[in-house]
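*Asks:* I have a structure I would like to understand better, so I am pasting it below and will then ask my questions one at a time.
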Amino acid sequence: MSEQIVGKVFDIQGFSVHDGPGIRLTVFLKGCPLRCPWCHSPESLEFHTELNWMGINCLGTQKCGRCLDACPHGLIAHGDTSVSTATCEDITLIKIDRSSCLNCGKCAKVCPPKALYMCGTDYTVDEIMQRVKREKPFFNKSGGGITISGGECLYQPEFVRALLKCCKAEGIHTAVDTTGLVKWDIIESILPYTDLFLYDIKGIDSDLHEKVVGKPNALILENARKIAAAGGKFQIRVPILPMYTDSKAVIDDIGKFILELGDAVELVQLLPYHNLGTVKWERLHKNAPVFEATPPTPESLEAHKKQLENMGIHVTIH
């Protein structure tokens, strides 16, 4: 039965007001084909369940250290000295050999303060629907519904399709937050059950797109055109990033493409870069470079908003 199809979920947020109209339940699925250097959810990138470590919760190896003995492969060792946020005492943190970690989760099971925890939980469609039905009164009063996000949720197409079908059967508004970097037949299969696409446009220059986020964008733009032609509806999301999209020329190119989509676009949201997600990279103990830059100024954002409005586009700053 479709209700038993399983998806790999890394977060579920209730009472969300930033992922579509009204009050929403947002389900975040693991796995993404892009590698945006500014990604504020690095725990979403990999498709498997993986170990996370939140140093602020760590008691230190002197008072605890249970994880050192729990790791069956000896991949957790004494690390740097820090200061406990709870006691202001010096403590020795841990370090994890992530290159060899198998994400077995045995260390997380013995961690009392949950400084170590596993990110990525398998849910059936039926389990998600139980939560959805509990929040249906809030959807009905606010014009909200469910949003399936990621990572790139459409890399788990059977789960997304089954969940959307169940929600539509309950009369619940549905939104899919996607990069658009998937085969058209996947998008086509969910179109009858998707009321709104939250669609990222990270730039029009395909060579630059590939250089910055790891993939060209020809498929993304073509899928957007096909969705519009098929009668789908969009909220287009444009990240405003220093050295990338924070320029008049880039916004002009994006605006021209958005106009191609016509009435399919209900709203364009400008998403100003922020650095609040950089700390999450520490939880994964990865040595990947973390993108940090000065966020765009309010004046710059207003200028981009005005530029698009002058092209006849409905714009908000998210």
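The values are calculated or read from the model by the stated rules, or taken from the named source; none is laboratory data. Quick caveat, the model's predicted, so the values are computed rather than measured. Reconstructed Cβ throughout: ideal geometry from the backbone, glycine too, with neighbour counts over all protein chains shown. Keep in mind that these areas ignore ligands, DNA and RNA; they rest on the heavy atoms of the full protein, side chains included. Shrake-Rupley method; radii C 1.70, N 1.55, O 1.52, S 1.80 Å.
*Asks:* Any idea of Tyr155's accessible area? Nearest 10 Å², probe 1.4 Å.
*Replies:* About 100 Å², ignoring ligands and nucleic acids.
*Asks:* Using per-residue counts of other Cβ atoms within 10 Å, averaged over each peptide, order 259-271, 160-172 from highest down.
*Replies:* Per-residue Cβ counts within 10 Å, averaged per peptide and sorted highest first, yield 160-172, 259-271.
*Asks:* Put +1 on the Cβ of each Lys and Arg and -1 on the Cβ of each Asp and Glu in the chain; which of Leu301, Val212, Ile96 then has its Cα farthest toward the positive end of the dipole?
*Replies:* Value computed over the given set: Ile96.
*Asks:* Can you tell me the accessible area per residue over the chain, all protein chains present, probe 1.4 angstrom, in square angstrom?
*Replies:* On the way: 15030 Å² over 318 residues.
Accessible area per residue, the chain: 47 Å².
*Asks:* Can you give me the solvent accessible area of Cys119 with a 1.4 Å probe, rounded to the nearest 10 Å²?
*Replies:* Near enough 10 Å² of accessible area.
*Asks:* If you bin every alpha carbon distance in the chain into 20 Å steps from zero, what whole percent lands in each bin?
*Replies:* Over the chain, the share of Cα pairs per 20 Å bin runs 29, 54, 17, 0 percent.
*Asks:* Whenever you get a sec, compute what percent of the accessible area on the chain sits on carbon and sulfur atoms (1.4 Å probe). Write down the numbers at each step before the final one.
*Replies:* Values: 7890 of 15030 Å².
Of the solvent-accessible surface of the chain, carbon and sulfur hold 53 percent.
*Asks:* Would you rank Thr294, Thr278 by solvent-accessible area, highest first, keeping every protein chain in place and using a 1.4 Å probe?
*Replies:* My answer, sorted largest first, is Thr294, Thr278.
*Asks:* Here is a follow-up. Given the DSSP H assignment, sum -39500 (n - 2.57) over each helix run of at least 4 residues in the chain and divide by its residue total; what's the result at 222 nm in deg cm²/dmol, nearest 500?
*Replies:* Rounded to the nearest 500, the figure is -8500 deg cm²/dmol.
*Asks:* Turning to a different aspect of this structure: Please state, to two decimals, what the Cα-based radius of gyration of segment 1-156 comes to when divided by 2.2 N^0.38 Å (N = residues).
*Replies:* 1.25
*Asks:* Follow-up. How many percent of DSSP beta bridges within the chain run antiparallel, rounded to 5? Spell out each step's value before the answer.
*Replies:* Values: 19 of 46 bridges.
Given both bridge residues lie in the chain, the antiparallel proportion sits at roughly 40 percent.
*Asks:* Additional query: Quickly work out the Leu191-to-Thr297 label distance, labels modelled 7 Å from Cα along the C-beta direction, and quote it in nm with one decimal.
*Replies:* Between Thr297 and Leu191, the label points sit 4.5 nm apart.
*Asks:* Would you tell me the accessible area of Val315, worked out with a 1.4 angstrom probe on the heavy atoms of the protein chains, in Å² to the nearest 10?
*Replies:* Using a 1.4 Å probe on the heavy atoms, I get roughly 10 Å².
*Asks:* Quick one: 3J(HN,Hα) in Hz for segment 136-147, Karplus 6.51/-1.76/1.60 with θ = phi - 60°, rounded, Gly and Pro as x.
*Replies:* 4, x, 5, 5, 5, 6, 9, x, x, x, 10, 10
*Asks:* Lysines near Lys280 by alpha-carbon distance under 24 Å, same-chain residues fewer than 8 away left out - which ones?
*Replies:* Answer for Lys280, where 24 Å is the Cα cut-off: Lys8, Lys30, Lys95, Lys106, Lys109, Lys114, Lys202, Lys211, Lys215, listed by chain and number.
*Asks:* Please report the net charge: other residues with Cβ closer than 15 Å to the Cβ of Leu259, K and R +1, D and E -1.
*Replies:* Cβ neighbours under 15 Å give a net charge of -4.
*Asks:* With Cβ to Cβ distances under 9 Å as the rule, what net charge do the other residues near Gly20 carry (K, R +1; D, E -1)?
*Replies:* Numbers: positive: Arg24; negative: Asp19, Asp177, Asp195.
Summing Lys and Arg as +1 and Asp and Glu as -1 gives -2.
*Asks:* Net charge within 12 Å of Thr194 by Cβ-Cβ distance, Lys/Arg positive one each and Asp/Glu negative one each, not counting Thr194 itself?
*Replies:* Once all neighbours under 12 Å are counted, the net charge is +1.
*Asks:* Where the centroid of each part is defined by its Cα atoms, how far is segment 95-143 from segment 201-238 in Å?
*Replies:* Here the two parts' Cα centres lie 30 Å apart.
*Asks:* Calculate, for Lys63 and Glu260, the FRET efficiency according to 1/(1 + (r/R0)^6) with r their C-beta to C-beta distance and R0 51 Å; round to the nearest 0.05.
*Replies:* Rounded to the nearest 0.05, the efficiency is 0.25.
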